[in-house]
1. Among the numbered criteria (1) open to solvent by 10 Å² or more (accessible area, probe 1.4 Å); (2) over 28 Å from residue 429 (Cα atoms); (3) touching a strand residue (DSSP E or B) at 6+ places or on another chain (Cβ under 7 Å), which single criterion is violated by residue 309?
2. Looking at 312, 344, 294 in this structure, which one is within 16 Å of ligand 2 (Cβ to nearest atom), among the aliphatic types (A, V, I, L, M) and not assigned by TED's automatic domain parsing to the domain that holds residue 175?
3. So, restricting to strands (runs of 3 or more DSSP E) that lie completely within region 364-419, which ones have at least 3 residues that are more than 16 Å from ligand 2 (Cβ to nearest atom)?
4. Considering each residue of region 600-633, count those that are in contact (Cβ under 8 Å) with a residue 24 or more places away in the chain, more than 17 Å from residue 578 (Cα to Cα) and out of contact with any helix residue (DSSP H, G or I) (no Cβ under 8 Å at 6 or more places or on another chain), and give that number.
5. Looking at 202, 219 in this structure, which one is free of Cβ contacts under 8 Å to residues at least 60 places away in the same chain and either among the polar types (S, T, N, Q) or more than 16 Å from ligand 1 (Cβ to nearest atom) (or both)?
6. Among the residues of region 320-334 satisfying the criterion of being open to solvent by 20 Å² or more (accessible area, probe 1.4 Å) and under 17 Å from the mean Cα position of the chain (by Cα), which is farthest from ligand 2 (Cβ to nearest atom)?
7. In this structure, does residue 266 turn out to be surrounded by fewer than 22 Cβ atoms within 10 Å (Cβ to Cβ) and either in the same structural domain as residue 139 (by TED's automatic domain parsing) or within 16 Å of ligand 2 (Cβ to nearest atom) (or both)?
8. Hey, could you check region 217-243 for residues that are charged (D, E, K, R) and open to solvent by 10 Å² or more (accessible area, probe 1.4 Å) and say which is nearest to ligand 2 (Cβ to nearest atom)?
Amino acid sequence: MSRVPEVEDLNVLLNHLSRVLPPEAYAKLAKIRNYSLLKWIAEMIDVARPSKVYVLAGSKEDFEYVARVAIERGEELPTKYPRHTVHFDGPKDLARDRKNTRILIPGGSPVPMINTYDRDSGLREVLELSKGIMSGKEMFIAFYCFGPKNSDFTLYAVQLTDSAYVVHSENILYRTCYDDFVKNAPNLEHARFFHSAGERDENGWSKNTENRRIYIDLEGNTVYSINTQYAGNTVGLKKLMLRLCVYKGYKEGWLCEHMFIAGIKGPGDRITYFTGAFPAGCGKTSTAFAADTVVGDDLAIIKNVDGIPRGVNPEVGMFGIIDGVNPTDDPEIYEILTSPETEVIFSNVLLTDDHEVWWRGKVGEPKPGLNYAGRWWPGKKDEKGSEILPSHPNARFTTSIRYLKKLDPRIDDPEGVPIHAMVFGGRDPITMPPVLEAFDWVHGVVTMGASLESEKTAAILERVGEMEFNPFAILDFLSISPGKYVDLHLRFGEKLSIKPKIFSVNYFLKDESGRFIADKVDKKVWLKWMELRVHGDVDSIETPVGYIPIYQDLVKLFNMYLGKDYSEERYSKEFAIRVDNLIRKVERVWKIYSDIPDSPPELFEVLRDQKRRLEEARAIYGSVVSPFKLSKR
Ligand code: SPV
Ligand code: MN
């Protein structure tokens, strides 16, 4: 094979590509007259040495080809429904790889809480490991939008991968945007993703997981991901793009968030848009689906448009946790996942011998078949003698968001939707009330977003209440220091003429006997209360940490939306201000940010005030304050 020409000339490069590519692939690529992009593609072909190259222009034939070869090559297995398939990542590749996911920075200078690595060494290493990695395989080249068509919010991306499963997933999750690349070359700014599953074993699992690398090159707007298949490591536009997007947003003064966007109906059928950030296992998806319309379930880009914060969901699909999805609690999703008509890629579920998909929550018992660890039968144990679960706790579904009955009609609006409020939710058995409104933007950013934590989920009894710090629920995906990320939010708010209200929610408060106080469905009421607060339609009670609902308002809302009584006793338990625990929370968060050199000084001022208010309240009322003792605002 000839080498990529050094001379910077598009025609020379095209000439080279015409010799290394099949005619159809060349014809599609040659329409994108972007020298730097084509050069990178030529270089990556030279490094990875695929035997074939397929370029997707976003046609129906392209989609069908990818879906077909995913099955032919054993990357996906068929089920009893034509467009339901099952993908297995392999037992060593079932989640994001924190250790081997690194942000490449010139010099590799340390960034608090971020796994960084020297850019030159990282690029050298990953390109070395990628030499010939696609030999005998087909490289797919695909073009996507991260956001609606013709929108100022939208980012663009190109994906190179040897995994039909990865492109198939992206074809479901993102809008295909080959045309925009053709139209707007040579200047279209875009992110680049190179992925290879590497060698696969007889099960189809990536063999060389010890050489798994996910290297994020901020300067080059490029990510390299090799020897892995798990979507969180491989689907470029998901969490890899999120890190690039956070970085770009930081430089340009807008927000790229790990948040859902959902609409809540208020009086007169008005729709009020909320975003929500929740660490894993804290109710993010269930909150989005308890709302009346869904714009997005995972990511949001938020910009200041003439003083108004507006947001888009950059995705058009969901990569959701399937564990526990059941017909009673999640009727909409359950119906999508069991309908013969839908297109769904299931990953790491159980595929039974009669071609049924089973996960925890599916009606019926699991029967023998294949799962994430190979063949499975009821009672199967691992080497250590523990039972192997039929379907993995991180098993997932990939499907289009357009199947949702409550899909918001503005999903494709290039202007996005106005963001009226942001919600931060954690799992907290002992501290935070079910719903709490911040005094203002700065107070909310600091005491709710930047202070977000969640109980460690490996919840052994002794560790109850041990909290994991996860600011804005985005810690794993930050490409800049958490201090800078907080500062970005403070600056973003300053320039808004209408600032979103900020709330925190907590569905996990427990009573003295360790039982959850709230019912799963109660979140509907907290959402409706927040909606009313956004418009100033209900009053509230001022506490040292923010505003809480008035008892009589909740009685009405519980009755109106759930047909339930809401007792004074429950209210005083749920909305008691747990002063000692709240002070401890302030102290924990303070300690963390004082170890982060670029934490904004304002953060400490807000925390100091919060602590002072709590101490004053303790002096008057003691360690736990009944909400009935506090006055209306
Ligand atoms: C998450 O963990 O927040 C996810 C799944 O949405 S992953 O793509 O693995 O990040
Ligand atoms: Mn997520």
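1. So the condition that residue 309 fails would be (1).
2. Result of the check over 312, 344, 294: 294.
3. 369-371, 374-376
4. 2
5. 202
6. 323
7. So residue 266 does not fit the description; no.
8. Once the filter is applied, the top-ranked residue is 239.
The values are calculated or read from the model by the stated rules, or taken from the named source; none is laboratory data. On a predicted model such as this, the values are computed, not experimentally measured, just so you know. Every residue, glycine as well, gets a Cβ built from its backbone with ideal geometry; the counts of neighbours run over all protein chains shown. We work out accessible area using only protein heavy atoms, side chains counted, and drop any ligands, DNA or RNA first. Shrake-Rupley method; radii C 1.70, N 1.55, O 1.52, S 1.80 Å.
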